Amino acid sequence: MSNESETLLGGCQCGAIRYQLSQAVLELYVCHCRECQKQSASAFGISFIVPQAALQLLQGEPNVWSRSTDSGNTLDCAFCPTCGSRLWHQRRGASDVLSVKGGSLDKPVDLSQAIHIWTSRMLPGIVIPQEADQFSGEPDRS
């Protein structure tokens with residue numbers, strides 16, 4: 001994922017919510033944790049870490065559902081009230097970054113530079129490229 005500034009457009013599955021990201025992506029994660037598996041109804045979740053100021057809501061208003069995390073924090077999860085598509089997450093109390101769900105972007109995501117996290121919970125049969133950065137749990141972002 002390039003750190004060059006580029007405007008990315010996205011939204012929910014039904015089109016009721018639209019947004020744009022107007023700043024560089026900080027990191028791209030493929031998360032293999034059980035929560036991401038459940039949320040995506042798939043083998044993993046894809047998240048772009050961006051500055052909170054990068055997100056501009058263009059249309060609609062998401063609802064928020066909150067859940068506890070393994071680290072003891074609370075994660076606020078924005079989703080479309082019409083179709084239920086998950087759009088972004090934010091750790092409660094952390095106002096600097098958002099985790100935007102990769103599947104909500106209009107353009108397909110290039111995972112070639114993705115960082116794989118929670119590989120200790122990865123489903124059997126998933127193959128991670130040897131050159132990819134990997135963490136068995138949550139990476140230390142300090």
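Worth pointing out:
- Rg to Rh quotient for region 1-108, alpha carbon positions, Kirkwood Rh: 0.93
- Cβ-based net charge around residue 65, under 15 Å, with every Lys or Arg adding one and every Asp or Glu removing one: +3
- Cα lying deepest toward the dipole's positive end in the chain, options 50, 113, 84, charges on Cβ: 84
- Normalising the average separation of contacting C-alpha pairs (under 8 angstrom, six or more residues apart) by the number of residues puts the relative contact order of the chain at 26 percent.
- Ellipsoid fit via the Cα gyration tensor, region 51-123: semi-axes of 21, 18, 13 Å, each the root of five times an eigenvalue, largest first.
- Among 83-90, 72-79, the peptide with the highest mean count of other Cβ atoms within 10 Å heads the list, and the full ranking is 83-90, 72-79.
No lab work stands behind these numbers, since they all come straight from the coordinates. Since we're looking at a predicted model, the values are computed, not measured. Cβ coordinates were reconstructed from backbone atoms using ideal geometry, including for glycine residues, and neighbour counts include every protein chain displayed.
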